[in-house]
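The values are calculated or read from the model by the stated rules, or taken from the named source; none is laboratory data. As the structure is a prediction and not an experimental result, all values here were calculated from the model. When we count neighbours, we look across all protein chains shown, and the Cβ atoms used for this are built from the backbone with ideal geometry, even at glycine. Just the protein is used for accessible areas: all its heavy atoms, side chains included, with ligands, DNA and RNA removed. Shrake-Rupley method; radii C 1.70, N 1.55, O 1.52, S 1.80 Å.
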Amino acid sequence: MSTTIMTSDNPLLRESIAMPVPHVAALAVQKAYRKGEHSVPVLHGVDISVRKAEFLSIIGQSGSGKSTLMHLIGLLDTPDVGEVQLEGQRIDDLPVRTRDELRNRVFGFVFQFYHLLPELSLMENVLTPLMIRHSIWNYWTRRREFQDRAKAMIDRVGLGHRLTHKPSELSGGEMQRAAIARALVAQPEILLADEPTGNLDAKTGREIIDLMARLNEREQLTIIMVTHDKSIAAEAHRTVRLCEGRIETLTDAA
Amino acid sequence: MYKMLLCQRYLRTRYIALASIISVTLGVATMIVVNSVMAGFGSEMRARIQGILSDIIVETRSMNGEFDPEGHMQRIRELVGKYISGVTATVEVHAILSYKSLGDYVPHPVNLVAIVPESKAEVGPLIDYLQSYHSQIENGREVPAERSRTEPLGWELTPAAMARRQEKAEYYRQTEKLRHQMRAQREKEEGNSSDPFAETSGEDGAAAESDEAPGQLQKGRLYVGVGLATYLSVDPETKESKTYNMIRPGDDVRITTYSAGTPAPKYFVATVVDTFKTGMSEYDSNLVYCNLEQLQEVRGMIRHNEDGTETRAFTSLQIKLKDYKDAPKVIEILRANFSAENFNVNTWEQRQGPLLAAVDVESSILNILLFLIITVAGFGILAIFFMIVVEKTRDIGILKALGASSSGVMSIFLTYGLLLGMVGAGAGVGVGLLFVYYINQIEKFITFATGREVFPEKIYYFKDIPTHVDPFTVCWVAFGAVMIAVLASVLPARRAAHLRPVQALRYE
Ligand SMILES: Nc1ncnc2c1ncn2[C@@H]1O[C@H](COP(=O)(O)OP(=O)(O)OP(=O)(O)O)[C@@H](O)[C@H]1O
Ligand SMILES: [Mg+2]
């Protein structure tokens, strides 16, 4: 394909030849939502790239398009212009099945609104990515291992006593932690966390951030996190601000 | 895996969907009940027709018949002896049976079949139908069978009927004597010697005939169908049906038929020996059996040979096969050997073709209509599934965001439909089979609850509702219902599969 030709024209990529190839990158992505005849532009050419094992936080006003950007990177939506790359390869135009596969194996997504499945218990919710990844037979034969893994992850987010509860029986913060456990249990390479501490008190929020930082350090997990909380954003290696559809400031923390 | 889990959870938490399969259940149950009852009636009817007609019938084309039944029967035994277990010769003609009621003759057109009981018993279960061999319910009381089933079929009266006949004869003799005396007295008083009534009374019905030799049976002997012998009337006030016996064993009736050759009216008086009940109103109200020699004699079907012997004629040969599956072979052999000019060779099914075909057509039309009910249930499933898909849009988005493929999402809803269909069809099969199993109890309960007899024995001739469960039909109906449920879920499932993750997630 023409990726090589395009990348050679791209200043960001030319730069990255010297640097190690970014783990995941959004290149000049634009996104507008159509509302009848009107087109509501949200992102006007956002460039963002994250190295392997980097912890990036994105801040920005409400409505600035942070969630939209996360969706584009996580292949939940396609950009109007620009491309999304994983290890230098364009991924936003891959066949549907491959993108499904990538979402399941490479990305872990924590939604701003948790998005747990209401019919399933906490344990089952956390197991869902594994169930999706493995065939029935495979899953059945390895279910002990998976359950132990899920249980360990739930313990780590501090919900070990809520295993059989339905989402409707959990508090907002508990649901958020369940969503984080679900994103992490499948051992993704990249965690996309949309306000993972939005509903948590300072102490629990801190614990979650610590957990993420630990995983980032020990297991080389690449993290992109959206947050409103300055002190939490400060935990990241790097912080960018999204303002009026553009990446505005680049602050290297620490 | 998540597919199964979600299906199971949706099944457990969506009672509305369960409501939609109640219609599947009811449709399946109705189809099973209706098919079983129709098959029950059908197979009973076929059994009875076959029992009366025998398996294969060789008919002469001419009503005069053919001579030498023994010779023909011998020929059949030589040709297809290894397939057959019995053969009998009969004469079948139209006739009028007249019995005396309140001093008047009541005529009935009948099919008269002249038989030899011994060999007729070999080709059909006539004993099963004759009432003197079975216990009867009379005015709510059970009357034990008058003959044991080991007694061979014959033309003799039972002792009870004989006693009744003699009593009646005695009564007529007494009244006749009394009349005689009175007439004699009147003659003496008036000196009138010519009395026109005196001559006619001589041959007037049973009274006069039994007068000659009290209690002795006529030469003609009959088995009469219950539909002819009894008369059912419903009391308009009490709504109770009551049976009147018009002809009872031991009574004499008059049979009018026509002679062979140039048809000329012929009649004979015959004693009714027994009544029979096949359960087919067609036979029970039209068929009369009589003794073969008598009819051959009356119709002039006897040829006197020069050497003093006589040869009799027959109009059909009834053949019973050891295994009915051999029928086509036997038919082929017989058709090849009995000239089509003189003989008609048919199985009982070919003889009754139009009736059986009508029953088949009726049942397939009914099946189509009933299947439409299940299709309606399918549309119910379709509507409810669309609702569920809309309701679950966000969940579908989550699953896709977690990496579920379109086909995976689609299969959730297809499996859901399949499960609903299976639950519905399974419950329907269960309910249907239970209903069929307890149909007579249910019938009694409904009769008791509504005070109206749902299944009067007198109309349908069966004591119990006959049912026959055909496993093939049950499987087919259940499979059809499941298929409809799956088909109904295809559209909603496709819709669910084509949702884009973000589109679905934005549904807040
Ligand atoms: N489906 C849509 N149709 C039309 N406009 C949309 C749609 N989704 C998002 N938008 C608009 O795009 C803009 C960005 O939305 P987005 O959810 O990305 O904001 P955000 O930065 O995540 O805000 P918050 O901090 O409140 O979560 C908003 O102004 C929103 O109104
Ligand atoms: Mg947002």
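Between residue B:245 and residue B:142, what is the FRET efficiency for a Förster distance of 22 Å, r being their Cβ-Cβ separation, to the nearest 0.05? Given R0 = 22 Å and the Cβ-Cβ separation, E is 0.80.
Contact-buried residues of the stretch B:1-33, at a threshold of 50 Å² lost accessible area versus the chain by itself: B:1, B:2, B:5, B:9 (1.4 Å probe; DNA, RNA and ligands ignored). For chain B, what does the alpha-carbon gyration tensor say about shape, rounded, prolate or oblate, given a ≥ b ≥ c as the root eigenvalues, a/c under 1.5 as rounded, and a/b over b/c as prolate? Here chain B falls in the prolate category.
In degrees between 0 and 90, to the nearest 10, how far off the longest principal axis of chain B does helix B:439-450 point, with axes built from Cα atoms? Orientation of helix B:439-450: about 90 degrees from the principal axis. Rounded to the nearest 10 degrees, the angle from helix B:327-337 to the longest Cα principal axis of chain B is 40 degrees.
Sorting A:34-45, B:282-293 by average packing, meaning the other beta carbons within 10 Å per residue, from highest down gives B:282-293, A:34-45. Judged by the gyration tensor of its Cα atoms, with axes a ≥ b ≥ c, the stretch A:74-207 is oblate; a/c meets the 1.5 cut and b/c is at least as large as a/b. Only lysines eight or more places from residue A:31 in sequence, or on another chain, were considered; those with a Cα closer than 17 Å are A:66. Tell me whether the protein assembly as shown comes out rounded, prolate or oblate; compute the Cα gyration tensor, take square roots of the eigenvalues as a ≥ b ≥ c, and use a/c under 1.5 as the rounded threshold. Because a/c hits 1.5 or more and a/b exceeds b/c, the protein assembly as shown counts as prolate. Using C-alpha pairs below 8 Å separated by at least 6 residues, the relative contact order for the stretch B:86-177 is 20 percent. Shielding by partners for peptide B:400-411, expressed as the average number of C-beta atoms from other protein chains within 10 Å of each residue's C-beta, is 6.
Taking every alpha-carbon pair under 8 Å whose residues sit at least 6 apart, chain A reaches a relative contact order of 27 percent. Return one number: the angle in degrees, 0 to 90 and rounded to the nearest 10, between the long axis of the Cα atoms of helix B:353-391 and the longest principal axis of the Cα atoms of chain B. Approximately 20 degrees, to the nearest 10. Accessible surface calculations at 1.4 Å, restricted to protein heavy atoms, place chain A at 46 Å² per residue.
For the listed residue pairs B:82/B:320; B:120/B:277; B:242/B:444; B:277/B:325; A:52/B:400, the alpha carbons are over 22 angstrom apart in B:277/B:325; A:52/B:400. Among the trypsin sites (Lys or Arg not before Pro) found in the stretch B:375-474, those both in a DSSP coil and sparsely packed, with 13 or fewer other Cβ atoms within 10 Å of their Cβ, are B:452, B:463. When B and A come together, around 2600 square angstrom of accessible surface is lost from both chains combined, probe 1.4 Å. Per-residue ellipticity at 222 nm from helix content only, as computed over chain B with -39500 (n - 2.57) for each DSSP H run of at least four residues, stands at -17500 deg cm²/dmol.
For the stretch A:55-76, accessible area lost to neighbouring protein chains reaches 30 Å² or more, against the chain alone with a 1.4 Å probe, at A:71, A:76. Within a straight-line Cα-Cα reach of under 17 Å, residue A:203 can be paired with the following lysines, leaving aside sequence neighbours fewer than 8 residues apart in one chain: A:230.
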